[in-house]
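The values are calculated or read from the model by the stated rules, or taken from the named source; none is laboratory data. Please read these numbers as outputs of a predicted model, since none were measured by experiment. For neighbour counting, all protein chains shown are included, and Cβ atoms are generated from backbone atoms with ideal geometry for every residue, glycine included.
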Amino acid sequence: MTDAAAYDVLIVGSGHGGAQAAITLRQIGFTGSVAILGDEAEPPYERPPLSKDYLAGEKPFMRILIRQRHFWAEREITLLPGRRVVSVDAAAHRITTGDGETIGYGRLIWAAGGAARRLACAGHDAAGAHSVRTRADVDRVIAELPDVARVVVVGGGYIGLEAAAVLTKLGKQVTVVEALDRVLARVAGEPLSRFFEAEHRAHGVDVRLGAAVEEILVEKARAAGVRLADGAVLPAEMVIVGIGILPEVAPLIDAGAVGGNGVEVDAFCRTSLPDIFAIGDCAAHPNPFAAGRIVRLESVQNAVDQAGVAARAIADTAPQPYAAVPWFWSNQYDLKLQTVGLSAGHDACVLRGDPATRSFSLIYLREGAVIALDCVNATRDYVQGRALVEQRAMIDAAQLADTTTPLKTLLSA
Ligand SMILES: Cc1cc2nc3c(=O)[nH]c(=O)nc-3n(C[C@H](O)[C@H](O)[C@H](O)COP(=O)(O)OP(=O)(O)OC[C@H]3O[C@@H](n4cnc5c(N)ncnc54)[C@H](O)[C@@H]3O)c2cc1C
């Protein structure tokens, strides 16, 4: 079989990880051929604004491009948009796209992220029921908004809550439906969940907790609301579903890669298949800030830093294992949440500051060591707390809670 083309490094996925892998390869002097293949039509763009200022209409698409269009050609990075990889032949070093095109590679970097999880209930695929994962998703939402007064957001995670904040600001009547007993339950401690729940309620959002969606109601072939398991009916002209992602790894798993919920990689982002690396949302990796557990992180930081690790493992004489401190942010209303570290598995949580002032931090500890901070409108704590997480500092809870003492002064020299 003859391949339509072949590249020394072929990157699958044109999101944050894929783009950064190509950028880093050139930055470190890699002169071989590099291509980024992705199933979206656009050149690489930032995903976080999709549920923030892009959805709000405050930032045009041009301003969320990861690099302007000419950058890629200038760096001799070939963009192959609008193509979806359906299979990988690891022995032959070749991928096949949905159109039957085959492309050879020397090394493959799999940066395919995840697809938005969908509800399985009746009506889940009705017009007017949307995910918020791609530019195309959000453009559809924006196009429909003029005819929408009421929105049901299914899922009280970051994306659902960010969308709820923007839509409220745009004058829509928003209901958030969350299956668990608090918002942000999977990612944050209870005080943070309760704070954001109260903020959304104060902005007029109807927050329904412990509420399971039974059906998306459909009228005239369009979503007309949601029926909950307890029988409650929430009429709406639009439904937004933000219930997480499913990692896009099927072609790799079919090719024999070890994995399941993501594809497993080592500290250098190497999968179990020869010359195939995986990075970003789809990569299940050993993370030093999760006590070495295998985790999958969904953040720009993780995608970008793993891209650097994979690029260096390919092209640098002294590759470094992945050891970056995790960080994340979320904007809702005038609140800027900044997170550093991973709070999962904490056994104590210290409140620093007063949530009533809308500026405070939560500091998470495990066995006495600081493992993470969630900082709301508290950038100084976020910046200074990073070193506490890096050093797994053992600090007394009363000292951490004392806002008159800057966090940086608590560090051992
Ligand atoms: C609305 C929204 C808001 C977010 N907000 C934040 C935030 O505030 N802070 C933060 O840190 N993170 C945020 N995230 C998460 C962050 O965007 C992701 O963690 C990051 O984009 C992951 O990068 P990635 O390269 O792994 O995957 P992605 O950026 O998802 O890119 C993967 C690309 O691969 C493509 N693809 C998938 N399968 C195939 C295939 N088989 N063949 C070809 N192409 C394929 C996809 O279409 C996509 O273009 C947000 C995400 C969303 C959706």
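Selection over the stretch 334-345 of residues that are surrounded by 18 or more Cβ atoms within 10 Å (Cβ to Cβ) and either assigned to a loop (DSSP other than H, G, I, E, B) or not β-branched (Val, Ile, Thr) (or both) gives a count of 5. When you look at GLY100, is it in a loop (DSSP other than H, G, I, E, B), within 11 Å of the ligand (Cβ to nearest atom) and either at pLDDT 95 or above or in contact with a Leu (Cβ under 6 Å, 6 or more places away or on another chain) (or both), yes or no? Criteria not met by GLY100.
Applying the condition of being of a type in the set (Gly, Ala, Ser) and within 11 Å of the ligand (Cβ to nearest atom) to the stretch 253-309 and asking which residue is farthest from ALA22 (Cα to Cα) yields GLY262. For the stretch 36-52, filtered to residues that are among the aliphatic types (A, V, I, L, M) and surrounded by 22 or more Cβ atoms within 10 Å (Cβ to Cβ), the residue that is farthest from ILE77 (Cα to Cα) is LEU50. For VAL389, the criteria (1) in contact (Cβ under 8 Å) with a residue 60 or more places away in the chain; (2) in a strand (DSSP E or B) hold in every case but one, which is (2). The residues on offer are ARG186, ARG133, and the sole one that is in a loop (DSSP other than H, G, I, E, B), out of contact with any Asp or Glu (no Cβ under 7 Å at 6 or more places or on another chain), under 27 Å from VAL265 (Cα atoms) and more than 12 Å from the ligand (Cβ to nearest atom) is ARG186.
Residues of the stretch 103-130 that are within 9 Å of the ligand (Cβ to nearest atom) and either assigned to a loop (DSSP other than H, G, I, E, B) or among the polar types (S, T, N, Q) (or both): ALA111, ALA112, GLY113. Here GLU215 passes the criteria (1) within 16 Å of the ligand (Cβ to nearest atom); (2) surrounded by fewer than 18 Cβ atoms within 10 Å (Cβ to Cβ); (3) not in a loop (DSSP other than H, G, I, E, B) except the one numbered (1). Within the stretch 144-183, can you find the residues that are free of Cβ contacts under 8 Å to residues at least 60 places away in the same chain, in contact with a Ser or Thr (Cβ under 8 Å, 6 or more places away or on another chain) and surrounded by 24 or more Cβ atoms within 10 Å (Cβ to Cβ)? Correct list: VAL174, VAL183.
The residues listed here are VAL340, VAL304, VAL300; of these, the one that is of a type in the set (Val, Ile, Thr) and in contact with a strand residue (DSSP E or B) (Cβ under 7 Å, 6 or more places away or on another chain) is VAL340.
Scanning the stretch 12-55 for residues that are near the ligand (Cβ under 7 Å from one of its atoms) and either free of Cβ contacts under 8 Å to residues at least 40 places away in the same chain or aliphatic (A, V, I, L, M) (or both) gives VAL12, LEU37, LEU50.
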